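The values are calculated or read from the model by the stated rules, or taken from the named source; none is laboratory data. Computed from a predicted structure; not experimentally measured. Positions of Cβ are generated from backbone atoms using ideal geometry, with glycine treated the same way; all protein chains shown enter the neighbour counts. All accessible areas refer to the heavy atoms of the entire protein, side chains included, with ligands and DNA or RNA removed. Shrake-Rupley method; radii C 1.70, N 1.55, O 1.52, S 1.80 Å.
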Amino acid sequence: MANFQIQSTLTKLGIKALNESVCTGNQWITAIGSEIKEIKSPVDGQPIASVTFATVTEYERVVKVAQSSFEYWRNVPAPKRGEIVRQIGNKLRAHKDDLGRIVSYEMGKSLQEGWGEIQEMIDICDFAVGLSRQLYGLTIASERPSHSMQEQWHPLGIVGIISSFNFPVAVWSWNAMIAAVCGDVCIWKPSEKTPLSAIAVHQIIKSVLVENKLPEGIFNLIIGDFRIGEKMAKDHRIQLISATGSTRMGKRVGQVVGARLGRCILELGGNNALIVSEDANLDNALKACVFGAVGTAGQRCTSIRRIIIQDSIYDKFISKLINVYRQLKIGNPLDQKNHIGPLIDTQAVKNYLNAISDAENEGARVLYGAKVLNGEGYESGTYVLPTLIEAKNHFQIVQEETFAPIAYLLKYSRLEEAIAMQNDVKQGLSSAIFTNNMHEAHIFLSTSGSDCGIANVNIGTSGAEIGGAFGGEKETGGGRESGSDSWKAYMRRQTNTINYGKDMPLAQGIKFDI
Ligand code: NAD
């Protein structure tokens, strides 16, 4: 399949210049800085565009515009804010094909997954529209006569969104669409590895804002690297920082935001395991393992890193697994025949190779893969064979997240042992068990079961739906985004007590007569 023409797709969306590194919703601002970054597609290694990083001057402008637009946006009734999000969802629907292709070409995920990412944005828009009429507070029984108590939820202010390369646009939408109906404005710093997808999405946002004659500054985009991210983390004018990325980044951002007692949502690395019991439907378990470990070339926070297999079926299951791995097609992700695309860059390939040699040095055994592909179609040097390694859970490398299609195979005999192994890592994002044994399924989901933010039975670890709260425990950061009541993190809670009586009794029966 011919290379995807990203420039013509960007032009189709009305994007002319890529030195415009800041968007205040309604208009693009040309960066005066001279730091230009060339973006290469991991698909074919070709340079696809150059973007200019924003400087402090543009950053200051964006924050000021965001501050003033918050004064306006917070007073727009929530269902009216929902109406704008509804229109954004519709525009995304209309451009799903183009946007999915840009994501796929810029990030390297399969076209199906690229479209899936845009669908996730559309879904969260729908969710947020409904939510815009449901930002409920509680009423609470007062202990005092003729008093009423209620909770109100007010908008928070500016939400700073720092996002990772592997979900170039969806993660932003989980935050931005919920924040928008809550009455917040946002500033988005996408990954410096995938700015074009963000620019394309913002072009669509811009058209909705302009059509509705809204002031600038409700949705803002700023292109830059970790230095802009650091500025945002330090900036007391940004009430909430929602940062998605590595645990290393999250530890830094958490400290910086914590030092100013700001609020943080941290969505960080995972080290996800899938347990295969002898009572599992092995065909389904096999499909889940393969999709979970090799989907997005192992570059999902929820990718399967460890497969924990019961000893009685271990040999049979791994031979089936190796057999499927042999048949996987690796190549241009825009060609729908291929199952696996490239890693994001050659540094990621080095990390893949280092992890394999570290595992071998610790005594692990490579059962399949461990190879960088070359030759026709692989000129970018970013395609690797998905890899299966027999290992032990306590190996240092198994304890770490390597952002590549490497799955460690581990053996267990009793369920308690499998659960202990699954929990015995620093991260706590996603987990799964395959079993048709009701007892095992419930133990896995019980208090003494999985310690992760996501625990699934008979489905894999990745591919969460937007309706649930998404996030993980321990070094995954503890944040929750997207569905359920995650919206509460984007608002401030106010408890109101109203005395409609003639007297003024004090709480706890305290007497204070004057
Ligand atoms: P990364 O940490 O390298 O970068 C993520 C973002 O943080 C980028 O925008 C980057 O510019 C910014 N950044 C880096 N250092 C910063 C700093 N000191 N201050 C402020 N901003 C900073 O991560 P990546 O390689 O883009 O993404 C892969 C990682 O993200 C993996 O660990 C993956 O598990 C994780 N991830 C987690 C989730 C989740 O929801 N838990 C989702 C997607 C990705």
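Values as computed for the structure displayed
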{"quantity": "Filter result (part of a loop (DSSP other than H, G, I, E, B) and open to solvent by 30 Å² or more (accessible area, probe 1.4 Å)) within the range 416-452", "calculated": "Asp424, Lys426, Asn436, Asn437, Ser446, Thr447, Ser448, Asp451"}
{"quantity": "Residue count for the range 294-340, restricted to those that are part of a loop (DSSP other than H, G, I, E, B), open to solvent by less than 10 Å² (accessible area, probe 1.4 Å) and more than 16 Å from the ligand (Cβ to nearest atom)", "calculated": "3"}
{"quantity": "Given (1) farther than 23 Å from Gly254 by Cα; (2) under 14 Å from the mean Cα position of the chain (by Cα); (3) surrounded by fewer than 20 Cβ atoms within 10 Å (Cβ to Cβ), index of the condition Gly478 fails", "calculated": "(1)"}
{"quantity": "Strands (runs of 3 or more DSSP E) (entirely within the range 13-52) containing at least 3 residues that are of a type in the set (Val, Ile, Thr) and surrounded by 14 or more Cβ atoms within 10 Å (Cβ to Cβ)", "calculated": "47-52"}
{"quantity": "Residue within the range 488-500 that is assigned to a loop (DSSP other than H, G, I, E, B) and at pLDDT 95 or above present", "calculated": "yes"}
{"quantity": "Test for Lys287: is it assigned to a helix (DSSP H, G or I), in the same structural domain as Thr387 (by TED's automatic domain parsing) and more than 25 Å from the chain's Cα centre (by Cα)", "calculated": "no"}
{"quantity": "Whichever residue in the range 113-150 is in contact (Cβ under 8 Å) with a residue 60 or more places away in the chain and in a loop (DSSP other than H, G, I, E, B) and, among such residues, is nearest to Arg300 (Cα to Cα)", "calculated": "Leu135"}
{"quantity": "So Trp153, is it away from the ligand (no atom under 16 Å from the Cβ) and without any contact (Cβ under 8 Å) to a residue 60 or more places away in the chain", "calculated": "no"}
{"quantity": "Residue pairs meeting the criteria (Cβ under 8 Å; at least 6 apart or on separate chains; first at positive phi, in the range 356-369; second hydroxyl-bearing (Ser, Thr, Tyr))", "calculated": "Gly369/Tyr325; Gly369/Thr387"}
